[in-house]
Amino acid sequence: MTTIYSVDVRVETPINDTEVTDRVVDAVETLFPETDVGTEPGRVVGETHSLEQFSDRLHDQEILDTARREFRDGTDGDGFEFSLKKQAAHEGVVNFAVGEPDELGDIEVTVTVREPSVAEYVDHVAPPTRDGTPVDPDGR
């Protein structure tokens with residue numbers, strides 16, 4: 001049986017005076033290509049209902065355990081949030097932001113999960129691993 005996921009994802013990041021707006025938009029679209037991206041004064045904002053392609057990047061970069069830890073650390077009752085380095089995103093690389101925010105600002109991602117549960121969606125996006133390999137061989 002296929003699980004239907006119902007999520008809302010909001011992606012936002014500041015646009016600094018020293019940055020070119022199109023490059024900031026490109027950074028967001030590179031990591032979240034399925035996102036409807038726009039600009040507001042001083043910010044790039046986007047919304048999507050899927051993290052499938054982001055999940056593919058986590059698998060390709062083999063950083064599932066790191067992603068799970070970041071998602072877990074940012075979990076609240078209805079979802080989770082995490083931050084990414086904007087400069088790495090320009091290069092198509094997922095690099096979680098920890099500690100103090102970057103001087104250009106980080107890409108902030110907020111995920112609200114309606115169906116199934118937050119834990120099940122985290123398992124879908126970044127499945128548990130054993131020795132760096134997803135535990136479910138039939139999974140992604």
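The values are calculated or read from the model by the stated rules, or taken from the named source; none is laboratory data. Please read all numbers here as calculations on a predicted model, not as lab measurements. Glycine also receives a Cβ, built like all others from the backbone with ideal geometry; neighbour counts cover every protein chain displayed.
Results for (1) in contact (Cβ under 8 Å) with a residue 24 or more places away in the chain; (2) in a strand (DSSP E or B), shown as yes or no for each residue.
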| position | (1), (2) |
| --- | --- |
| Val45 | yes, yes |
| Ser55 | yes, no |
| Asp60 | no, no |
| Thr66 | yes, no |
| Arg69 | no, no |
| Val93 | yes, no |
| Pro101 | no, no |
| Thr110 | yes, yes |
| Val113 | yes, yes |
> Of the residues Leu84, Leu64, Leu58, which is out of contact with any strand residue (DSSP E or B) (no Cβ under 9 Å at 6 or more places or on another chain) and hydrophobic (A, V, I, L, M, F, W, C)?
Replying inline: Leu58
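Of all residues in segment 115-140 being part of a helix (DSSP H, G or I) and among the β-branched types (Val, Ile, Thr), which is surrounded by the most Cβ atoms within 10 Å (Cβ to Cβ)? Walk me through it before giving the result.
Looking only at segment 115-140, we keep the residues that are part of a helix (DSSP H, G or I), and these are 118-125.
With the extra rule that they be among the β-branched types (Val, Ile, Thr), the set shrinks to 118, 122, 125.
On the way: Val118: 19, Val122: 20, Val125: 23.
If we take residues in segment 115-140 being part of a helix (DSSP H, G or I) and among the β-branched types (Val, Ile, Thr), then Val125 is surrounded by the most Cβ atoms within 10 Å (Cβ to Cβ).
Look through Glu34, Glu115, Glu47, Glu108 and report the one residue that is modelled with pLDDT of 95 or more, within 28 Å of Gly132 (Cα to Cα) and touching a Ser or Thr at 6+ places or on another chain (Cβ under 8 Å).
Just one listed residue meets the conditions, Glu108.
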> Out of all the residues in segment 74-91, which are part of a helix (DSSP H, G or I), among the small types (Gly, Ala, Ser) and surrounded by fewer than 19 Cβ atoms within 10 Å (Cβ to Cβ)?
Replying inline: Ala88
